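Below you'll find the structure, written out as structure tokens, and then a few comments.
The values are calculated or read from the model by the stated rules, or taken from the named source; none is laboratory data. This is a predicted model, so every value here is computed, not measured. No Cβ is skipped: glycine too gets one built from the backbone with ideal geometry, and neighbour counts run over all protein chains shown.
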Amino acid sequence: MHKYWSLQSNPHTDTLKETIEKVKYLVKDSIVKQIPEITNISSLLSGGLDSTIISAFAKEELSKRGQKLLTFSVDYVDNDKYFKPNEFQPNSDSDWIKSVVDKLQTEHKYVVLDNERLAYALKPSLHARDLPGMADIDSSLYLFLQKVKKDSSIALSGEGADEVFGGYPWLRNKEALESPTFPWIRKVKERMSLLLPEIREKINPVEYLNEKYKEAIMEVPKLEGEGPDKSRIRELSYLNLTRFMPMLIDRMDRMSRSACVEVRVPFLDYRLVEYVWNIPWEMKNSNGREKGILRYSMKGYIPDEVIERKKSPYPKTHNPQFKAIVREWLREIIEDNSSPILQLVDKEAVKELIETDAKSYNPAWFSQLMGSAQLFAYLVQINMWLKDYKVSIVE
């Protein structure tokens, strides 16, 4: 197997002004190059920085062709009623989406998902992935893109912008910077306690995790003369690009293809990735803001309030109905002695998890979105996978 491309670390010689202009050019050109000569191209819009940039430049390009841009957003029944801000999701998308749609004048469609359907879509989204995945974060995307397909077969999405431009909170978190592990993986000890002792001893997940982390760190292309603080940020940025992002791209690819939608990701144009990789952190993090250089370069192109909006990830449901459904499913699974997951997990530990409502796993035990409801759903998906794919646990 031949590796045909890899990141190279080189000194960045452009001034701040030159960097802003180059980023602006590359972002716009990457978006325009992904717009085919067909009608019904769409953009997945959250009202955040990345999706608004894509929508703005796509709208501009399509207007030149006499075409309209379709935009789509996803939400959940009664989500605003139950939404509570946290460190990963500081605000709800709904008001931001309306503001951007009003300013860009796109042809917009709101997709609002029912929480019961969201739970039942855990199975088809599992089949789309062929593995247990990100629970309702997968099933919501699966249902969302099914709706998009009715009007558009090609959609633009902002995946990759956080990895390329340094958008994740753990790049600014002292504990994450000092911790010798993948920063998006949390509550490892607690999750290991859910496994049967003999399984835990046999597969030793912590040792595996440590080995994979060291393997990834050894790959990082170093920059000669770079100090330890900046070198550490380079390491985490590399982990984001090569370990975290592939999981998100795989999720998007599998959910979109199952819906017969082609989703294109302009922020992952190799020219943009290579250029931004070597922008020094003090420039990339301009004004002390996540994706600062991207914000700076977009002034005058998208609304100022969106430029200043704090990063918020893909929207998940906050409606307690979803959690209640998957918690009850998990309870039924654990009480059924024929459930294949009982070959892996400690029945009493999972029972305790259910009784305590898994509150200690909030706001997130993985990534930015996987909280207690997602842990219940993930365990349900593992049982589905073992059963549907007839997986055997052998010595």
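Quick notes
- Residue 13, sole failed condition from (1) of a type in the set (Ser, Thr, Tyr); (2) closer than 21 Å to residue 287 by Cα; (3) touching a residue at least 40 places away in the same chain (Cβ under 8 Å): (3)
- Unique match (being in contact with a Ser or Thr (Cβ under 9 Å, 6 or more places away or on another chain), of a type in the set (S, T, N, Q) and over 15 Å from residue 284 (Cβ atoms)) among 6, 46, 30: 46
- Count of residues meeting criterion [among the hydrophobic types (A, V, I, L, M, F, W, C), under 24 Å from the mean Cα position of the chain (by Cα) and farther than 13 Å from residue 281 by Cα] in the stretch 212-235: 3
- Of everything in the stretch 105-130 that is of a type in the set (Asp, Glu) and over 19 Å from residue 324 (Cβ atoms), the residue that is nearest to the chain's Cα centre (by Cα) is 130.
- Of the residues in the stretch 32-51, none is free of Cβ contacts under 8 Å to residues at least 60 places away in the same chain and under 22 Å from the mean Cα position of the chain (by Cα).
- Applying the set (1) modelled with pLDDT of 95 or more; (2) in contact with a Lys or Arg (Cβ under 9 Å, 6 or more places away or on another chain); (3) not β-branched (Val, Ile, Thr) to residue 55 leaves exactly one unmet item: (2).
- Boolean, residue 90 is surrounded by fewer than 22 Cβ atoms within 10 Å (Cβ to Cβ), touching a residue at least 12 places away in the same chain (Cβ under 8 Å) and under 26 Å from residue 167 (Cβ atoms): yes
- Among the residues of the stretch 116-130, those identified as buried (at least 22 other Cβ atoms within 10 Å of the Cβ) and within 17 Å of residue 318 (Cβ to Cβ) are 118, 119.
- Enumerated helices (runs of 4 or more DSSP H) restricted to the stretch 147-233, each holding at least 2 residues that are in the same structural domain as residue 110 (by TED's automatic domain parsing) and at pLDDT 95 or above: 161-165
- Residue satisfying condition, being touching a residue at least 12 places away in the same chain (Cβ under 8 Å), surrounded by 15 or more Cβ atoms within 10 Å (Cβ to Cβ) and at positive phi, within set 133, 166, 158: 166
- Looking only at the stretch 355-381, and only at residues there that are aliphatic (A, V, I, L, M) and buried (at least 21 other Cβ atoms within 10 Å of the Cβ), the one that is nearest to residue 247 (Cα to Cα): 370
- Residues located in the stretch 307-345, provided they are within 30 Å of residue 56 (Cα to Cα), charged (D, E, K, R) and not in a loop (DSSP other than H, G, I, E, B): 308
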